[in-house]
Amino acid sequence: MNDKPYWIAINLVKGIGAVRLKALLETFGDAKSAWGATPADLRTAGLSKRIIENFVDTRSKVDVDTLWNEIAAKNIRVMTWDDADYPARLREIAQPPPILYLRGDFLEEDAWAVAIVGTRRVTSYGQQVTEEVATFLAQNGVTIVSGLARGVDGIAHKAALKAGGRTLAVLGSGVNRIYPPEHRTLAEQIAKTGAIISDYAPDTPPEGSNFPPRNRIISGLSMATIVIEAGETSGALITANFALEQGREIFALPGNIFAPQSKGPNRLIQQGAHPLLNPRDILEILDLTRVTEHRAARQILPADATESQLLDALTHEPIHVDEIREKTGLAVEKVSSTLVMMELKGMVRHVGGMHYVTMREMQGEYKTDS
């Protein structure tokens, strides 16, 4: 068995967060050894008497094999600090969550993400701006991060999906406990093309105290946080404060000075946030215009040696599959199947009669040099 089940078990102990888990791993070398440690050893690792009692109590109630099998049966992926694909931007924050539970997947391109958050009681003005900004960013290759809540969050997720973009939803509950319930279908759609994420264990209910801490993940995954509309005590402002602490950019939508929903964003602007006047400003301030161009180019880079061989064999003049096979020495089945995938990726084009041409002349020679 891998070490992840023991990370999960330790994470269930009340009073053990990122700092104490890190100390346990440093002391015992791995989570399995920490899970089996004696109370005396746990005391040596710096745990208090109360937390040691919690640890022993949890250990007596949790069967690690059963716990792991139950999570696997729910098709929930578990990611820890030790995973190479743990989100790099999230890893940069103070006390990043040791464990993330996912339905769906992170992709490398999700490093170019922007959070859109705001009130549940969104106005027609806020709804229009949310839809336009989320659509524009998604169309420009930016992943939209939000919290799946009613109002601004849900609108941002839906707009990103409609635009054919990626979106990540960070929950204040287990990833199998969708809240609000009317967003269950939306959550399923997000999981298919993006990810549903939580640092709370599966089956954790959506308790009010869970939501403020999860906001650090929303901002932590993102290059910037956009606050659309928010009251003076809104959770969106908590997300903005986390973004500020994490050294990330903040944008806020200017609004009517008498409107309750605009008090939060207007105050953020007064404190130095970028006023959201045009979604293109976001790309320019974050230098995302150039990054998205590089992303488009990288998507058509050869994925392996076979694709490289085929690209070398192709030109802008149509070449028959048999000639490609002779040039490369590859089996015809390999040539045919790889060309199909390359056409889907926009690398080559079938021009009829089993003849193919490269798209490299149109795509700038597959280079991302500045």
Residues located in the range 229-265, provided they are free of Cβ contacts under 8 Å to residues at least 24 places away in the same chain and closer than 21 Å to residue 131 by Cβ: 254, 256
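What are the residues in the range 311-337 that are hydrophobic (A, V, I, L, M, F, W, C), assigned to a helix (DSSP H, G or I) and either under 18 Å from residue 357 (Cβ atoms) or modelled with pLDDT of 90 or more (or both), if any? Walk me through it before giving the result.
Restricting attention to the range 311-337, the residues satisfying the condition of being hydrophobic (A, V, I, L, M, F, W, C) are 311, 313-314, 319, 321, 324, 330-332, 335.
Now drop any that are not assigned to a helix (DSSP H, G or I), which leaves 311, 313, 321, 324, 332, 335.
Selection gives 311, 313, 321, 324, 335.
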Index of the failed condition, residue 99 passing every other in (1) closer than 25 Å to residue 245 by Cα; (2) among the aliphatic types (A, V, I, L, M); (3) surrounded by 24 or more Cβ atoms within 10 Å (Cβ to Cβ): (3)
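Within the range 107-141, can you find the residues that are outside any helix (DSSP H, G or I), farther than 18 Å from residue 263 by Cα and among the aliphatic types (A, V, I, L, M)? Let's see the steps before the verdict.
As a first pass, look at the range 107-141 and keep what is outside any helix (DSSP H, G or I): 107, 112-123, 140-141.
Remaining after also requiring farther than 18 Å from residue 263 by Cα: 107, 112-115, 140-141.
The answer is 107, 113, 114, 115.
Just a yes or no: is a residue in the range 157-167 assigned by TED's automatic domain parsing to the domain that holds residue 277, among the polar types (S, T, N, Q), part of a helix (DSSP H, G or I) and in contact (Cβ under 8 Å) with a residue 24 or more places away in the chain?
No, that holds for no residue.
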Any hit, the range 47-56, residues being farther than 22 Å from residue 96 by Cβ, in contact (Cβ under 8 Å) with a residue 40 or more places away in the chain and hydroxyl-bearing (Ser, Thr, Tyr): no
Which numbered condition residue 115 misses (of (1) over 16 Å from residue 32 (Cα atoms); (2) surrounded by fewer than 17 Cβ atoms within 10 Å (Cβ to Cβ)): (2)
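The values are calculated or read from the model by the stated rules, or taken from the named source; none is laboratory data. Given the structure is predicted, the values throughout are model-derived calculations rather than measurements. No Cβ is skipped: glycine too gets one built from the backbone with ideal geometry, and neighbour counts run over all protein chains shown.
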